[in-house]
């Protein structure tokens, strides 16, 4: 069976877990990036890189609301896309990837908050929330291989 792009479908739970592990690692790379920038650049140099915006508090509030929404929505999206207990591995893989991308939204918003407004602590909170969400959504091998009926 091949998909629309001519590539072979994923055949093992381990392959799905490797993709999920990369998604879990992304927020850690965001944290590493902002810590390195703070360590390498002086506060004056960092201040020059931030976009001067007058609505930083409003932007921060919006990013926090979006991140909380992503935290709450990602597990629901995963369960909706997984389609129940008799879903195939490919269906579960799709559900894992889509839900983890939603979960990673907070990390991306945290990175944006740091670059746009220079809000280091708040950015770390958003990135940490993203990391926690991806950890909570990490697929177990038992869940991936639980197939009652092949589709």
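The values are calculated or read from the model by the stated rules, or taken from the named source; none is laboratory data. Treat the numbers as computed from the prediction; the structure is a model and nothing was measured. So basically every Cβ, Gly included, is an ideal-geometry build from the backbone, and we count neighbours across all protein chains shown.
Here residue 107 meets each of (1) at pLDDT below 85; (2) within 17 Å of residue 29 (Cβ to Cβ) with one exception, condition (1).
Does residue 46 satisfy the condition of being surrounded by 15 or more Cβ atoms within 10 Å (Cβ to Cβ) and within 19 Å of residue 25 (Cα to Cα)? No: the conditions fail for residue 46.
Residues are listed down the side, and each one gets a yes or a no for (1) touching a residue at least 40 places away in the same chain (Cβ under 8 Å); (2) within 13 Å of the chain's Cα centre (by Cα); (3) outside any helix (DSSP H, G or I):
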residue: 30; (1), (2), (3): yes, yes, no
residue: 47; (1), (2), (3): yes, no, no
residue: 57; (1), (2), (3): no, no, no
residue: 65; (1), (2), (3): no, no, no
residue: 81; (1), (2), (3): no, no, no
residue: 87; (1), (2), (3): yes, no, yes
residue: 94; (1), (2), (3): no, no, no
residue: 97; (1), (2), (3): yes, yes, no
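From the list 144, 113, pick out the single residue that is closer than 18 Å to residue 50 by Cα, in a helix (DSSP H, G or I) and modelled with pLDDT under 95. Don't jump to the end; show me each part of the working.
Working: 144 fails: closer than 18 Å to residue 50 by Cα.
Criteria check complete, one pass: 113.
A single entry from 97, 102, 108 fulfils the requirement of being out of contact with any strand residue (DSSP E or B) (no Cβ under 8 Å at 6 or more places or on another chain) and surrounded by fewer than 18 Cβ atoms within 10 Å (Cβ to Cβ): 97.
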